[in-house]
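Novice: This structure is in structure tokens; I'll ask about it shortly.
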Amino acid sequence: MSSASSSVRRIAATVLAAGAIVSAAALPAAAHDGDRHQQRHPRVEISRVQADSPGREDRSNRSLNNEWVEIRNTTRNPINLRGWTLRDNDGNRYRFDNIRIGSRDTIRIHTGNGRDTRTDLFQDRRDYVWDNRSDTATLRDDRGRTVDTETWGRRR
């Protein structure tokens, strides 16, 4: 009986080990399926920030417009940014109107005054928004969910 019970234990151990291996292999596959699901959602990111306007900072419109944030659509589909917002740490907020960003396109949001185009938007401000030394640009969708952030410098 002891050899039979020993055989049963070995078989049970083998079955349990095989189950553990199958479970471990299935876990990464399930996580990968989740990644594919995430890729179906729009992916827009802050690709570049120029917080420190080159040249003299004299609050001229030219200087204000040399301060900007670039946003890139990394997907194959155009995305409407209506209701999305771009904010800094001080609470300055730019709200997007009915703006479509094309597939894999980039748009720049300038601080100063100007005429909006397909590639350049203007906040129509008369003062700088982005702190040269330290700030965070936060992009939120129309439901208020954070889509992306870009931080530079040291936090205060």
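Coordinate-derived values only; no laboratory data. Just so it is clear, the structure is predicted and the values come from calculations on it, not from any experiment. Glycine gets a Cβ as well: all are built from the backbone with ideal geometry, and neighbour counts include every protein chain shown.
Novice: For the ranges 146-154, 134-142, what's the packing order if you count other beta-carbon atoms within 10 Å of each residue, average per peptide, and put the highest first?
Specialist: In descending order of packing, they fall as 134-142, 146-154.
Novice: Here is a further query. Cα centroid distance between the stretch 39-81 and the stretch 116-143, in Å?
Specialist: 7 Å
Novice: Please compute the length gained on full extension between residue 93 and residue 105, using 0.36 nm multiplied by the number of residues separating them and subtracting their Cα-Cα distance.
Specialist: 2.1 nm
Novice: Using label points projected 7 Å from each Cα along Cα→Cβ, tell me how many nm separate residue 61 and residue 134, to one decimal.
Specialist: Spacing of the two 7 Å Cα→Cβ label points: 3.5 nm.
Novice: Could I ask something else about it? With a/c under 1.5 counting as rounded, go ahead and sort the stretch 57-118 into rounded, prolate or oblate using the C-alpha gyration tensor (a ≥ b ≥ c being the square roots of the eigenvalues; past the cut-off, prolate if a/b is larger than b/c, else oblate).
Specialist: prolate
Novice: Between residue 48 and residue 143, what length in nm is gained on full extension when 0.36 nm per residue of separation is reduced by their alpha carbon distance?
Specialist: Using 0.36 nm per residue and subtracting the Cα-Cα distance, I get 31.9 nm.
Novice: In Å, what Rg and Dmax follow from the Cα atoms of the stretch 81-156?
Specialist: Rg and Dmax of the stretch 81-156, Cα atoms, are 12.7, 37 Å.
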